[in-house]
1. Find out how many positive minus negative residues lie around Pro50, taking Lys and Arg as positive, Asp and Glu as negative, among other residues whose Cβ is under 15 Å from that of Pro50.
2. Under a point-charge model restricted to the Cβ atoms of Lys and Arg (+1) and Asp and Glu (-1), what is the dipole moment magnitude of the chain relative to its Cα centre, in debye to the nearest 20?
3. With an 8 Å Cα cut-off and a minimum separation of 6 or more residues, compute the relative contact order for the chain in percent.
4. Based on the mean of other Cβ atoms within 10 Å per residue, sort peptides 28-39, 44-55, 1-12 so the most packed one is first.
5. Using the beta-carbon distance between Ala97 and Asp34 and R0 = 30 Å, what value does 1/(1 + (r/R0)^6) give for FRET efficiency, to the nearest 0.05?
6. Gain in length, Arg78 to Ser44, computed as 0.36 nm per residue apart minus the alpha-carbon separation, to one decimal in nm?
7. Could you pull out every residue, at least 5 positions away or on a different chain, whose amide H is within less than 5 Å of the one on Trp19? Hs are placed 1.01 Å off N in the peptide plane, and Pro or chain starts have none.
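None of the figures in this text is laboratory data; all of them are computed from the coordinates on show. Keep in mind that what you see is a predicted model, and the values were worked out from it rather than measured. Reconstructed Cβ throughout: ideal geometry from the backbone, glycine too, with neighbour counts over all protein chains shown.
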Amino acid sequence: MLKPKSFRVGKRKYQLTEWRNIANPISKGRIFYDTGVILLSTHSGYTGKPLSVGERNTAFWHETVHAILRDMKSPKNRDEVFVEGIARRLAQVVATAEF
């Protein structure tokens with residue numbers, strides 16, 4: 001999947017930046033609402049090995065879902081299980097779409 005360099009959700013523009021690994025070893029991405037920056041990890045914080053394309057795509061969608069839910073002022077924005085479930089399904093839609 002091609003990832004954009006930036007995108008808008010509501011009035012906020014988000015810039016994507018890839019990072020070798022994020023300080024939190026569990027996290028594959030991080031969103032900074034105040035600056036409009038989304039960091040996407042390229043490597044596992046645990047093993048240091050490169051993340052798979054699928055893991056990186058899901059991380060992109062995960063952070064994008066956070067941006068959307070925040071724009072909607074939804075309390076679901078803090079529900080990581082919900083956000084991850086939506087992100088995995090969006091990644092699957094994009095990966096399997098036929099045009």
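1. Taking every other residue near Pro50 into account, the sum is +2.
2. Values: 17 positive and 9 negative charges, 57 e Å.
The calculated dipole for the chain is roughly 280 debye.
3. On the way: 140 pairs, mean separation 21.2, N = 99.
Computed value for the chain: 21 percent relative contact order.
4. Values: 28-39: 16.7, 44-55: 12.6, 1-12: 11.0.
Most protected by this proxy first, the peptides run 28-39, 44-55, 1-12.
5. Given R0 = 30 Å and the Cβ-Cβ separation, E is 0.35.
6. 10.0 nm
7. Here the answer is Leu40, Ser41, Thr42, since their amide H atoms fall under 5 Å of that of Trp19.
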